[in-house]
Amino acid sequence: MSEPLKQADIDQEIAARAGEHGEHPARDYAPYRSTLLRHPHRPLVVVKDPDAAELSGPVFGVTDVTTLDNDLTKQHPGEPLGERITVRGRVLDRQGRPVRGQLVEIWQANASGRYLHQRDDHPAPLDPNFTGVGRCLTGDDGGYLFTTIKPGPYPWRNHLNAWRPAHIHFSLFGTAFTQRLVTQMYFPGDPLFPYDPIMQSVTDESARQRLVAGYVHELSEPEYSLGYRWDIVLDGPAGTWMEEGR
Amino acid sequence: MNHPTPSQTVGPFYGYALPFPGGGDLASGGIGVHGHVYDGAGDPVPDALLEFWQADEHGSLAGSPGTLRRDPTDGSVLGRDGLRFTGFGRVPTDQDGHWALRTVVPGNGYISVCVFARGLLHHLYTRIYLGPDAFLDALPAQRRRTLVATPEREGVYRFDIHLQGEKETVFLDFG
Ligand SMILES: [Fe+3]
């Protein structure tokens, strides 16, 4: 067995790639070790076909969600432990148009940093009153809203002493399959940012900042919850034509 | 132009959030498509999530809502009603890296696939072709093969996805 990888080794690798340009992470980002055998070596094949099926996408509607799905604190008889928060924002396309009536899904660890997943063996307690799954449809202005609790950071095995900053996983649909996005929302001021190869895989500083929600005091509800705002912009093919409000 | 929100990996723990009962059952009485997802060492990938989007038999891409249909009383998943075609599927690979889809042959000849996995920082697109197509003709023969499903028996096709290596699947960029 070789020496376990240390944070200092990963830090060096992160530093070597810092500032590379790109709106999205490179798939071959070695500091995140799981990428090594899971990224294609060959260039992607460019499709320039105005009839491509991927320029349309699945449709979701009121039958696909129920009204309670966006409140993760109301899914069990009791209140979950942790800091109650609301996360809201708008889903927009690159032209700034609202993405309407589309599905937003989230999942997250509980306040102790534990997922309700059999393979999460982090020795932190599960919370009987928290599942950590939510979904909603965006409104006419592209808006979404979730009430949940702030997830805890958690350890993982990328290297020795690897910890994920607190984050909420987001899954989004646009009107085209090419606008599909799965990403993670982070919380402002987390001291774990510089150590995390997943967050640092977004090597451009301003792009990385787009993953961090803002704390907005006016969105906090007195005696109830702290308010965060996170707007999301879906990428898409350069020539995506989209009819408003499909 | 707004800058897009960067992609991040789906990670290993999406399993209790994204997959849903019947996610691979787009339509009955049609065809079955199945295969494995492999990494660059040739090992199966047990924590990939595949999404499928396709036209109906007549080539229409106007899929109906109702893929995730919920019971409004208790929130449980009712799933598709089986009559309206939604065109959307979502299937996690199992412990063997295997997945399966039941659907109809799309009128436009291919099923679009979006691949997510732990270790994949940005999803990948590919296509499952069920017959010859001009798009395939433009690719070198060796690579073309990776996009064509192999008939296995009546109504059942095999389609493996190789994320990396000798047999690497053709992945697509829509610009
Ligand atoms: Fe996570």
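The values are calculated or read from the model by the stated rules, or taken from the named source; none is laboratory data. Everything numeric here is computed off the predicted structure, so don't read it as measured data. When we count neighbours, we look across all protein chains shown, and the Cβ atoms used for this are built from the backbone with ideal geometry, even at glycine. Areas reflect the complete protein model, heavy atoms only, side chains present, ligands, DNA and RNA absent. Shrake-Rupley method; radii C 1.70, N 1.55, O 1.52, S 1.80 Å.
Using the Cα gyration tensor of region B:1-114, with a ≥ b ≥ c the square roots of its eigenvalues, what is the shape: rounded (a/c below 1.5), prolate (a/b larger than b/c) or oblate (neither)?
Rounded, because the longest to shortest axis ratio a/c is under 1.5.
What are the ³J(HN,Hα) values, in whole Hz, obtained from phi via the Karplus relation 6.51 cos²θ - 1.76 cosθ + 1.60 with θ = phi - 60°, for each residue of region B:100-112 in sequence order, with x given for Gly and Pro?
Listing the rounded values in order: 8, 9, 10, 7, 10, 5, x, x, 9, x, 9, 10, 7 Hz.
Separation between the A:SER220 and A:LYS48 pseudo-spin-labels, each 7 Å from Cα along Cα→Cβ, expressed in nm?
Here the modelled spin labels are 5.3 nm apart.
A drop of at least 30 square angstrom in accessible area, chain alone versus all protein chains together, probe 1.4 Å. Which residues of region A:28-52 meet that?
Relative to the lone chain, where solvent access is computed with a 1.4 Å probe, region A:28-52 loses at least 30 Å² at A:TYR32, A:SER34, A:LEU37, A:ARG38, A:PRO40, A:HIS41, A:ARG42, A:LEU44, A:VAL45, A:VAL46, A:VAL47.
Cross-link partners among aspartates and glutamates for A:LYS48, C-alpha distance below 17 Å, same-chain residues fewer than 8 apart left out?
Reachable aspartates and glutamates: A:ASP235, B:ASP133, B:ASP137, B:ASP173.
Given R₀ = 30 Å, FRET efficiency for B:HIS58-A:LEU68 by Cβ-Cβ distance, to 0.05?
It comes out at approximately 0.20.
Starting from the amide H of B:ALA48, placed 1.01 Å from N in the peptide plane, find each other amide H under 5 Å away whose residue is 5 or more places distant or on another chain.
Under 5 Å from the amide H of B:ALA48 lie the amide H atoms of B:THR93, each far enough along the sequence or on another chain.
Roughly how large is the A-B contact in terms of buried accessible area, totalled over both chains, probe 1.4 Å, nearest 100 Å²?
6600 Å²
Calculate the mean, over all residues of peptide A:67-78, of how many other protein chain Cβ atoms lie within 10 angstrom of the residue's Cβ.
That works out to 1 on average.
So which GluC sites (Glu not before Pro) in region B:114-175 pass both tests, a DSSP loop state and at most 15 other Cβ atoms within 10 Å of the Cβ?
Loop-located and lightly packed - B:GLU154, B:GLU166.
Over region A:106-246, calculate the relative contact order: mean separation of alpha carbon pairs under 8 Å at least 6 apart, over the residue count, as a percent.
18 percent
Calculate, for B:HIS98 and A:ASP141, the FRET efficiency according to 1/(1 + (r/R0)^6) with r their C-beta to C-beta distance and R0 41 Å; round to the nearest 0.05.
0.45
Within the protein assembly as shown, what percent of beta bridges assigned by DSSP are antiparallel, to the nearest 5?
75 percent
Using 0.36 nm per residue, how much length does the chain from A:ASP9 to A:PHE193 gain when fully extended, once their Cα-Cα distance is taken away?
Difference between extended and current length: 64.6 nm.
Can you work out ³J(HN,Hα) from phi for every residue in region B:19-36, in order, using Karplus 6.51 cos²θ - 1.76 cosθ + 1.60 and θ = phi - 60°, giving whole Hz and x for Gly and Pro?
x, 8, x, x, x, x, 9, 6, 7, 9, x, x, 10, x, 10, 8, x, 10
Short version: ³J(HN,Hα) in whole Hz for each residue of region A:9-15, in order, from phi by Karplus 6.51 cos²θ - 1.76 cosθ + 1.60 (θ = phi - 60°), x for Gly and Pro, what are they?
5, 5, 4, 4, 5, 4, 4
Considering every residue in A:174-187, what mean count of other chain Cβ atoms within 10 Å of its Cβ is obtained?
Rounded to a whole number, the mean comes out at 5.
In the protein assembly as shown, carbon and sulfur make up what percent of the accessible area (probe 1.4 Å)?
54 percent
Between A:ARG17 and B:GLU152, take the C-beta separation as r, use R0 = 41 Å, and let me know the FRET efficiency to the nearest 0.05.
Between A:ARG17 and B:GLU152 the formula returns 0.45.
When we measure straight from the Cα of A:LYS150, which aspartates and glutamates land under 14 angstrom away, once same-chain ones fewer than 8 places off are left out?
Cross-link targets: A:ASP71, A:GLU79, A:GLU83, A:ASP127, A:ASP190.
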